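This report concerns only the one structure given below.
The values are calculated or read from the model by the stated rules, or taken from the named source; none is laboratory data. Just so it is clear, the model here is predicted, and its values are computed rather than measured. Note: ideal-geometry Cβ built from the backbone for every residue, glycine included; neighbour counts use all protein chains shown.
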Amino acid sequence: MKNFNKVCGAALSLALLLNLVGPFSAFAATTPSLSDAAAYVVLASTYTNTSATTLSGSVGFTTGPAVAPLGTHASYGSGAPYSAAGTAQGSALANLNSQACSFSFASGAINLSTDTTHGAIGVYTPGVYCVIGAMDVGGPLTLSGNGTFIFRSTGALTSTAGAIVSLAGGSACDVFWTPGGATTLAANTTFVGTVIDDAGVTVGANTNWTGQALAYGGTVTTDTDTISVPSCAAAVEEPPAVTTGTLSVIKQVTNNNSGTSVAADFNLHVKLSGSDVASSPAVGLVAPGRSYTLTAGTYTVSEDANTAYTASFSGDCDSSGNVTMNAGSNLTCTITNDDVAVAAIATTGTITVTKVVVNTGGGTAVVGSFPLFINGTSATSGVAATLAAPAAYTVTETASTNYTGVFSGDCNASGVIDLAVSENATCTLTNTYTAPAVDAAPEVLAPVEEVLIEEVADAAPVTATAPVVIPTLPDTGLAPFSKFLLALAVLSGLCALGLFASVTFKKTKI
């Protein structure tokens, strides 16, 4: 009996040494803590979604999708705890990569659904499965038993269309995929577990996935998919205290009257107490719109004026664009712009001409003394005239003697106004009185000259044998009186010459 016990003891020791009894506990896989990343169904730098996808869980990103996902999201966008979740993802990945391999496949790409080297085809028990190359789920794959499943590769993770990964007794909270390359799940895949892959995760259409797509440093792309974070993940950590809410501002444009504007043609504002918040103003975006992370308070959504469109508000904001944000709120405000019929668009402006009369210096004119005109049409001082716009107009008046007019206001020095649509222009025309100049006294020397000439004519006549012709004196440029003296001197000379001739004639006769 003693010899039998010795033999049995030796055989048991040998069996344990040769690992015939079972795997060593050192090779058992363990589930790491995801901490702040546990509640995220999608965690990415850029999240892209092209169709109706339903996500159950928080969605983190810095660049959001063109089409917002459906579902309930405790956190959405880059608000807390987005950054902390990125750190938690890195810590969890480091833990998973540090665990020893329970089974290593031969080098090269492995189809996990058809491999038989690890055990029964398409069936895996808890452990760490290591692949030097790419791994593919090419058909049905069953995770059997309670425990942690880790699939780690140096290459990409893919699935074929319609592939199915299912659980038999385990939990999706304990399934992890950590590929070294990008993850691409084909259309109609049924998938389980958390993928941690900063190289990017692309999910084909109609995929049903219980797990998480964690790619904090990369891109996650979905398309008509349903992804739900495992129910255990939310209970791992207490949710952080929420101090902010999210406001999505959506721009819609209706062009049913020949309008051509698009959402980006409108400049939108989100203001708190009259001041723009961070990232405001910004051009409009169609649904899901532009997202703002805001503290509690009442905000006003508005846009720059565009007379070719009417604006209306809907969603969580009131008819004036006011919206009240509470911590944890996820609100939406939609601004819809409808193009205005061409006939209703303003095509006029007004011009008010004002007459001012300044009578300093003795003037007596009044405003009515100066009839006013706009492009030749009578205008009334101080009364606005409605005119077609845009167009150029000239203000004129009927002038009044001794008054000088000066233009001011919106018209130039010549009275011209370039009237814009909806403009209320003014033009002031000021007339100032100027007294007339006094004429100089008339010259009075001519009558004196005539009197002197008459006196000479009344002098004693001179007898002569022949008529005496008095030559016309040349114009000497002398004053009239000086001319008279010169004429007198000439006449005196002629008289003397006549007297001399008479005396000589008498002597000759004797």
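For every residue, the table says whether it meets (1) among the hydrophobic types (A, V, I, L, M, F, W, C); (2) part of a strand (DSSP E or B); (3) free of Cβ contacts under 8 Å to residues at least 60 places away in the same chain.
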residue: Ala161; (1), (2), (3): yes, no, yes
residue: Ala168; (1), (2), (3): yes, yes, yes
residue: Trp177; (1), (2), (3): yes, yes, yes
residue: Thr184; (1), (2), (3): no, yes, yes
residue: Ala187; (1), (2), (3): yes, no, yes
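Quick grid of which residues meet (1) exposed (fewer than 15 other Cβ atoms within 10 Å of the Cβ); (2) more than 40 Å from the chain's Cα centre (by Cα):
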residue: Tyr292; (1), (2): no, no
residue: Thr298; (1), (2): yes, no
residue: Val301; (1), (2): no, no
residue: Ser319; (1), (2): yes, no
residue: Met325; (1), (2): no, no
residue: Ile335; (1), (2): no, no
residue: Val357; (1), (2): no, yes
residue: Thr364; (1), (2): yes, yes
Subset of segment 164-207 [acidic (Asp, Glu) and more than 41 Å from the chain's Cα centre (by Cα)]: Asp174
Wholly enclosed strands (runs of 3 or more DSSP E) of segment 268-375 bearing at least 2 residues closer than 27 Å to Gly60 by Cβ and either of a type outside the set (Gly, Ala, Ser) or assigned by TED's automatic domain parsing to the domain that holds Ile250 (or both): 290-295, 297-303, 322-325, 330-339
Tally, over segment 59-74, of residues that are without any contact (Cβ under 8 Å) to a residue 60 or more places away in the chain, on the phi < 0 side of the Ramachandran plot and not hydrophobic (A, V, I, L, M, F, W, C): 3
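Looking at segment 11-53 only, could you name the residues that are in a loop (DSSP other than H, G, I, E, B) and at pLDDT below 50?
Those that are in a loop (DSSP other than H, G, I, E, B) and at pLDDT below 50: Leu18, Asn19, Leu20, Val21, Gly22, Pro23, Phe24.
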Among (1) surrounded by fewer than 17 Cβ atoms within 10 Å (Cβ to Cβ); (2) in contact with a Pro (Cβ under 7 Å, 6 or more places away or on another chain), the one test that Thr210 misses: (1)
Qualifying residue in segment 264-277 (condition: among the small types (Gly, Ala, Ser) and surrounded by 16 or more Cβ atoms within 10 Å (Cβ to Cβ)): no
Residue within segment 332-350 that is without any contact (Cβ under 8 Å) to a residue 12 or more places away in the chain, within 30 Å of Leu70 (Cα to Cα) and of a type in the set (S, T, N, Q) present: no
Every residue from segment 403-429 that is in contact with a Phe, Trp or Tyr (Cβ under 8 Å, 6 or more places away or on another chain) and among the polar types (S, T, N, Q): Ser414, Thr428
Subset of segment 138-159 [buried (at least 22 other Cβ atoms within 10 Å of the Cβ), touching a Pro at 6+ places or on another chain (Cβ under 6 Å) and either within 23 Å of Ala205 (Cα to Cα) or free of Cβ contacts under 8 Å to residues at least 12 places away in the same chain (or both)]: Leu157
Test: Ala425 is closer than 23 Å to Ala346 by Cβ, in contact (Cβ under 8 Å) with a residue 40 or more places away in the chain, surrounded by 15 or more Cβ atoms within 10 Å (Cβ to Cβ) and not hydroxyl-bearing (Ser, Thr, Tyr): yes
